[in-house]
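Notes follow the structure.
Where a number appears in this text, it was derived from the coordinates with a stated rule and is not lab data. Note that the structure is a prediction, hence the values are computed from the model and not measured. Neighbour counts are summed over all protein chains in view; Cβ atoms, including those assigned to glycine, are modelled from backbone coordinates with ideal geometry.
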């Protein structure tokens with residue numbers, strides 16, 4: 001059997017491994033997957049059904065996506081992200097994930113380096129490796145809410161650095177990078193002519209008066225940013241696999257060269273669903289945000305009762321948090337999480353999956369019900385405190 005060295009060097013996904021192991025145990029309290037338990041809003045599902053019924057989804061769309069959808073995306077970017085866009089600068093993608101993969105293929109060559117603030121989303125690490133690039137991890141400042149270490153990023157830049165890839169609001173930490181820090185990051189990128197690739201999947205889920213800032217809204221950055229977005233988190237559409245990216249029109253054809261062999265086009269039925277999401281009522285997004293905020297607060301309250309086991313930074317955004325494990329066995333987060341699953345029937349994600357500074361932590365998702373959170377923490381209290 002022939003297997004590429006590239007794939008041999010990529011570790012198994014800890015997120016999906018914990019999901020697999022969780023299915024082997026009965027009645028698990030599930031906090032390990034960033035998948036909303038809410039259903040897709042009804043008006044979005046009805047629009048998809050209507051498109052199916054009128055025979056609109058059986059063929060390919062144009063590669064970049066339906067023009068009417070790209071026009072709606074342009075309006076959304078101008079309204080919510082202050083990004084001055086044109087339909088020719090948009091590609092509709094198979095979730096933000098495919099967009100980021102296509103972006104990386106367009107801007108790095110084998111051996112090129114991509115800087116990642118760490119902890120970082122585990123899939124971003126693999127995407128760089130699959131593109132034959134080298135991930136370079138720069139620790140964030142955990143004591144300041146996992147803030148960007150801009151001096152550390154400057155020091156990490158070499159002649160092989162081609163891009164900086166970040167997620168804000170962040171997976172797994174829930175950090176929201178400030179406008180001030182992102183403007184300073186933009187200055188670094190412009191000075192060294194680096195690309196910035198963003199993952200803005202959780203853009204609408206920001207709390208406590210903090211604000212999401214899109215770095216592509218800085219006019220001078222137009223040629224140096226590829227911004228990736230998704231409908232999957234905003235509208236509870238994870239299974240629809242639909243997102244989009246924005247980049248300068250001169251870069252779009254190069255990204256398209258990767259997008260075509262990856263996907264040809266995004267699923268057409270999902271494109272019609274996304275069109276309905278943008279055109280329809282937005283109160284569903286506010287409801288999701290309010291629910292996540294309530295669940296975040298509940299999870300923080302429950303963590304406070306386990307202060308001898310975990311310390312944490314209160315998430316400013318997303319629906320994820322990244323507590324530090326204080327007990328001695330937490331130095332091996334994979335072993336810790338597997339033991340917690342087997343002995344307490346609580347499924348979490350080991351921090352080691354999210355880069356070197358993720359070790360000694362675990363990721364918890366609060367996009368679930370209050371019952372699920374309370375069940376998980378009741379079990380952890382019994383397990384750790386007796």
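Before moving on, here are some points about what is shown:
- Approximate shape of the chain as ellipsoid semi-axes (Cα gyration tensor, √5λ), whole Å, largest first: 32, 26, 20
- When the square roots of the Cα gyration tensor eigenvalues are ordered a ≥ b ≥ c, the ratio a/c for the stretch 58-279 is 1.5 or more and a/b exceeds b/c, which makes its shape prolate.
- Calculated translational diffusion coefficient of the stretch 101-222 (20 °C, 1.002 mPa s; Stokes-Einstein with Kirkwood radius over alpha-carbon pairs) equals 148 µm²/s.
- Between the helical axis of 370-385 and the longest alpha-carbon principal axis of the chain there is an angle of about 40 degrees.
- Shape of the stretch 178-272 from the C-alpha gyration tensor: oblate (a/c of 1.5 or more and a/b not above b/c, with a ≥ b ≥ c the square roots of its eigenvalues).
- Ranked 12, 316, 324, criterion: other C-beta atoms within 10 Å, fewest first: 12, 324, 316
- Antiparallel content of DSSP bridges confined to the chain, in %, to 5: 45 percent
- Residue 210 paired with residue 331, simple spin-label distance in nm, labels 7 Å along Cα-to-beta-carbon: 3.0 nm
- By DSSP, the beta bridges lying fully in the stretch 58-279 are antiparallel in about 35 percent of cases.
- Comparing 315, 87, 172 in a Gaussian network model of the chain, where Cα atoms under 10 Å apart are tied by springs, the biggest mean-square fluctuation is seen for 87.
- Helix 179-192 and the longest principal axis of the Cα set of the chain meet at an angle near 60°.
- Per-pair calculated FRET efficiency, R0 = 35 Å: residue 37 and residue 62 via Cβ, rounded to 0.05: 0.50
- The P(r) of the stretch 19-96 has a tail past 14 Å containing 76 percent of all C-alpha pairs.
- Inter-label distance for residue 76 and residue 159, nm, one decimal - labels placed 7 Å from Cα along Cα-to-Cβ: 4.3 nm
- Rounded, prolate or oblate (a/c below 1.5 giving rounded, otherwise prolate when a/b exceeds b/c) for the stretch 260-353 by Cα gyration tensor: oblate
- The stretch 92-126-the stretch 1-58 distance, computed between alpha-carbon centres (Å): 19 Å
- Efficiency of FRET between residue 21 and residue 134 - r from beta-carbon atoms, R0 41 angstrom, step 0.05: 0.85
- Ranking of 199, 193 by count of other Cβ atoms within 10 Å, fewest first: 193, 199
- Whole-angstrom gap from the stretch 165-235 to the stretch 246-315, using each part's C-alpha centre: 13 Å
- With a Förster radius of 41 Å applied to the C-beta separation of residue 287 and residue 5, the computed FRET efficiency comes to 0.30.
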